[in-house]
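This report concerns only the one structure given below.
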Amino acid sequence: MDIALLARAIGLGFTIAAAVGPISLLTIRRTLAHGQLYGLVSGLGVALADATYAAIAAFGLTAVTSVLVGSRAVLGLVGGVVLVWLGYRTFVARPTTAPSDADRPGLAAAFLSIYGLTMTNPMTILSFAAVFAALGLSGGSFLGAATLTLGVLLGSALWWVVLTTVVGRLRARVTPAALVWVNRASGALIVALGVIAIAAAVRG
């Protein structure tokens, strides 16, 4: 395995994951509401989605890329609608006490839901392909493509470990009243981003 290639792919995965967006807001909110483990599992769902798209770009699966990119309007519309719904649910949430285990959604649901939501943006494939080319990161072989995919997965996962650890440590200091305002702010922004995604899908 090319260690230098792996290191560069890890850096790329970390950097892309660190970009602030609706998925980051959802993960932060989940960590505050349900704890560090729940937030981390959600983040790992994002990391797997990033790695999935990185794999498609690295292995040059042009047929899959064409299908997904060709369906970007439908996927963008679905993703936008889901974001609006999640944003609304976040905005109206009124926490007064720490949620019990019965109130907390399952970890599998946390992982799969955010994986599916992240996968509604097929343009990520083209982003990875462009970045790979710009940085001279070419798999060149099955092992090279696998190394790129693994690096992106590890780098993205590392970001979510860092983020959820920091947010998890701050969680004890966030009062229910403060969390209401966190919910309102993040919920409004997620709704706005969802509307933008819907508008882009309709125009596209």
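Consider segment 168-204 and keep the residues that are surrounded by fewer than 17 Cβ atoms within 10 Å (Cβ to Cβ) and of a type in the set (K, R). The one that is nearest to T120 (Cα to Cα) is R203.
Among residues of segment 183-202 that are in a helix (DSSP H, G or I), those with a Cβ under 6 angstrom from a residue that is of a type in the set (S, T, N, Q), sequence gap 6+ or separate chain, pair up as N183/T90; S186/T90; G187/T90. Examine segment 78-100 for a residue that is part of a helix (DSSP H, G or I), at pLDDT 85 or above and of a type in the set (K, R), and state whether such a residue exists. Within segment 78-100, none of the residues are part of a helix (DSSP H, G or I), at pLDDT 85 or above and of a type in the set (K, R). Each residue in segment 18-31 was checked for being surrounded by fewer than 22 Cβ atoms within 10 Å (Cβ to Cβ) and in a helix (DSSP H, G or I), and 3 of them qualify.
The values are calculated or read from the model by the stated rules, or taken from the named source; none is laboratory data. Being a predicted model, the structure only gives us computed values, none of them experimental. Positions of Cβ are generated from backbone atoms using ideal geometry, with glycine treated the same way; all protein chains shown enter the neighbour counts.
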